[in-house]
Every structure is written in C-alpha cells, then in structure tokens.
1. Taking Cα pairs under 8 Å and at least six residues apart, what relative contact order does the chain come out at, in percent?
2. Please compute, over every Cα-Cα pair in region 50-98, the percentage with a separation greater than 16 angstrom.
3. Name the residue from 82, 61, 43 whose Cα lies farthest towards the positive end of the charge dipole of the chain, charges +1 on Cβ of Lys and Arg and -1 on Cβ of Asp and Glu.
4. Here are some values of Cα Rg over 2.2 N^0.38 Å: (i) 1.19; (ii) 1.04; (iii) 1.29. Which one was computed from this structure?
5. Based on Cβ point charges of +1 for Lys and Arg and -1 for Asp and Glu, what charge dipole magnitude is obtained for region 14-59 about its Cα centre, in debye rounded to the nearest 20?
6. Which order do you get for 101, 19, 71 if you rank them by accessible area with a 1.4 Å probe, largest at the top?
Amino acid sequence: MAFRSARTLMDPVFARRAEPAALVWAPVSVTQWQRWRTDATTIAVSARVTSDDHPADAATTVSRVLAVELEPRNEAPIRWVVYAQATRTTAGSAWLLSGMEVVA
C-alpha cells in the first residue's frame, strides 16, 4: 500500500520493476513486519542524506547515499544504507526516483 501511494514520486519504469521487490528492501523479514502489525507496534522511521561519495550531479540525473533507520517501540533500531538515483526528463521537470540499491 505505501509503495503504491508513493508511485507519483517514481519514474514509471522503475515503479513497475521495483514494486515486486519492495518488501525486501528493508532488512526486516515478512514475519517481523507481521508481528509488528499484529502487535500494533509504533515504528519511528528516519532517512537522511549522508556525506558519502556519489557520482557527480548532471542536469537530469543525481545519486545520493541515504542512511535509513527503523526504530520499533521498545526494540533496538534497525539501520541500513540506500544508494538512490533520481532522474528528470528536462532541467525544469520534477525529479523522480529511478533506482535504489540497499546495503544492509
């Protein structure tokens, strides 16, 4: 559901390719997600752009390294790194997420 809600922020080709894999991006098992859902666990989420090296920006392509953290209530935080790419069709158009690689 969350993935589909964010589709307008994604390149359409990336969105079609990525949706089937969306559940495996976070280093959290399906069983764990289901337990949190059953227990109505509150989860704080943060993502920040790091200062790590990335390819130089171009007029229609940028790459960034993100630090992501999930912190379920009363549990240790889960952290991982995401290498994200965004593209746009022209210098004046909106940026769209066009690629992601997760490093757990």
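The values are calculated or read from the model by the stated rules, or taken from the named source; none is laboratory data. A quick note: this is a predicted structure, and the numbers were derived from the prediction, not measured. All Cβ positions, glycine included, derive from the backbone under ideal geometry; neighbour counts span all protein chains shown. SASA here: full protein model, heavy atoms, side chains in, ligands and nucleic acids out. Shrake-Rupley method; radii C 1.70, N 1.55, O 1.52, S 1.80 Å.
1. Numbers: 155 pairs, mean separation 26.4, N = 104.
Here the relative contact order equals 25 percent.
2. On the way: 614 of 1176 pairs.
It works out to 52 percent of all Cα pairs.
3. 43
4. Computing Cα Rg over 2.2 N^0.38 Å and matching it to (i) 1.19; (ii) 1.04; (iii) 1.29 gives (i).
5. Details: 5 positive and 5 negative charges, 60 e Å.
Rounded to the nearest 20 debye, it is 280 debye.
6. Numbers: 101 110, 19 55, 71 80 Å².
Result of the area sort, largest leading: 101, 71, 19.
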